[in-house]
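All remarks here apply to the structure that follows.
Values quoted throughout were computed directly from the atomic coordinates according to the rules given, and no laboratory measurement underlies them. Since we're looking at a predicted model, the values are computed, not measured. Using ideal geometry, Cβ is built from the backbone for each residue, glycine included, and neighbour counts are taken over all protein chains shown.
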Amino acid sequence: MLLVESPRRPPVAAAAVIGATLFVLTACVIAGRGMRLIAPAALGLVIAIVVLPRLLSWRAQLATIVVVILFIPMKYYGLPASLPIRLEPYRLLVAAVLVVWLTSTLIDRRIRLRRTHVIDLPLAGFLCAILVSEAMNRARFSSVETDVIKELLFFASIIAVFFMVLSLVRTFADVDFIVRVLTGSGAVVAFFALIEAKTGYNVFHHLSHIFPFLRATGGGSEITRGGHLRVYASAEHPIALSALFAMLVPFALYRAICFKQARWWAAAGVLLLATFATGSRTGIVMLLVVALVYLWLRGPEMKRLWPLLIPMLLAIHIALPGALGSFRESFFPANGIIAQQTDQAVGSGRIATFWPAIHKEFTPHPFFGEGFGTRITTPDPAVPVPNAPILDDQWLGTLLETGLFGALCLAWLFIRFVRKLGKKARHDRSPRGWILAAAAAAVAAYAESMLTYDALGFTQETFILFLIIALGCVTYRLPANAIATDGGS
């Protein structure tokens with residue numbers, strides 16, 4: 001597998017091979033023999049010459065990573081192999097593409113590491129906080145070494161993919177292509193999530209019927225809210241699924257508004273409906289954050305879209321009967337939401353576990369935390385008895401594991417990203433400006449969602465987060481007059 005650019009015109013070698021093939025076919029026709037053997041071989045050769053460069057292009061490889069991450073549920077399927085870590089499809093694919101990319105950086109001068117120009121310092125600070133937290137807690141690290149190494153390898157793979165995208169995505173057309181793949185695939189997942197909400201059948205939990213090499217290794221238990229099924233689709237949890245859909249809505253709006261295509265309005269509608277189908281308050285609050293960011297960056301345009309609110313609520317009521325009532329009850333429970341979240345049996349963490357975690361875990365290690373990935377909250381073969389409670393608060397978890405240094409660096413990363421992209425987006429009404437606004441809204445919504453669930457603990461959403469950040473950084477460094485040459489496709 002080679003990392004190559006899709007050529008703008010057929011290379012001389014390919015043209016020569018095709019010409020030679022036509023010559024041989026012509027000779028066979030004149031001679032009246034050999035066609036049964038030569039014709040299929042010639043057809044296969046021509047198809048390989050035309051199709052193979054596209055299949056091996058970096059665009060195809062990045063698109064494949066996106067599709068695999070969105071369509072194959074994390075921690076649900078594995079590949080038949082006996083290794084210390086679970087061999088999941090995305091791990092194998094990401095590892096293979098990263099090896100090819102790193103090799104290409106040594107061979108092709110056009111492929112090189114690039115700065116973000118947006119979050120270099122806070123990202124470097126957060127990575128340093130992770131390493132320092134491990135170094136300062138050697139005893140705790142040793143007690144859960146296997147789990148911590150898995151977490152470090154996982155996070156390292158995400159950062160590597162982040163820099164790979166920065167290295168390979170260079171034009172607005174490239175950004176637009178990845179956005180289309182990401183948003184289109186997300187809309188397909190959302191469609192099947194709505195099917196799951198209606199029928200209870202999760203198509204993503206039956207992929208092994210189509211791909212026999214996948215081995216189902218487990219899955220989440222059925223969750224309901226207000227008597228309604230909360231859907232999983234391809235995610236690890238309904239909350240994580242709602243966060244994914246909420247982050248993709250701004251990109252569907254970008255395609256719909258900038259290119260006036262009905263299918264992207266449909267994609268945005270399906271993503272919105274599926275967010276409600278998850279039964280998660282987190283996704284709804286994220287949508288409110290997205291709306292606030294757009295009011296900041298695209299006030300006049302958003303005011304023109306307000307009339308769509310009533311049809312949207314009507315569509316939600318028809319497609320998901322009772323969903324709006326369930327959300328009203330979940331946001332405004334009988335005893336109040338604060339009382340609910342203070343009750344540890346009901347709140348499953350958050351306010352109930354906040355102060356105990358601060359006293360027991362943060363106070364002894366305030367500056368550099370107790371070690372990245374050392375909090376084991378669910379039973380594991382290596383750690384059968386969890387050493388920490390579930391928090392349902394990623395900001396608190398980051399504070400405990402990496403200390404003030406790590407938490408402040410991560411907050412700086414999000415704030416700097418949203419502010420810098422937002423500043424450019426406000427003065428750029430071109431498609432580039434809408435991409436910047438979409439990325440700023442998605443990342444701001446994710447940062448808010450970290451208050452209500454352990455966001456970085458979910459593989460799918462974390463990959464998509466850093467992919468969006470990378471696309472935002474690439475778009476930020478493009479010139480103001482950048483356009484998508486294939487934007488209408």
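Side notes on the structure shown:
- Order of K260, K198 - criterion: other Cβ atoms within 10 Å of each residue's Cβ, fewest first: K260, K198
- Per DSSP, loop chymotrypsin sites (Phe, Trp or Tyr not before Pro) in the stretch 155-216 with at most 13 further Cβ within 10 Å: Y201, F213
- Projected label points at A315 and A262, each 7 Å from Cα along the beta carbon direction, are separated by 1.3 nanometres.
- Taking a straight Cα-Cα cut-off under 30 Å and skipping sequence neighbours fewer than 8 places away in the same chain, the lysines within cross-link reach of K75 are K150, K198.
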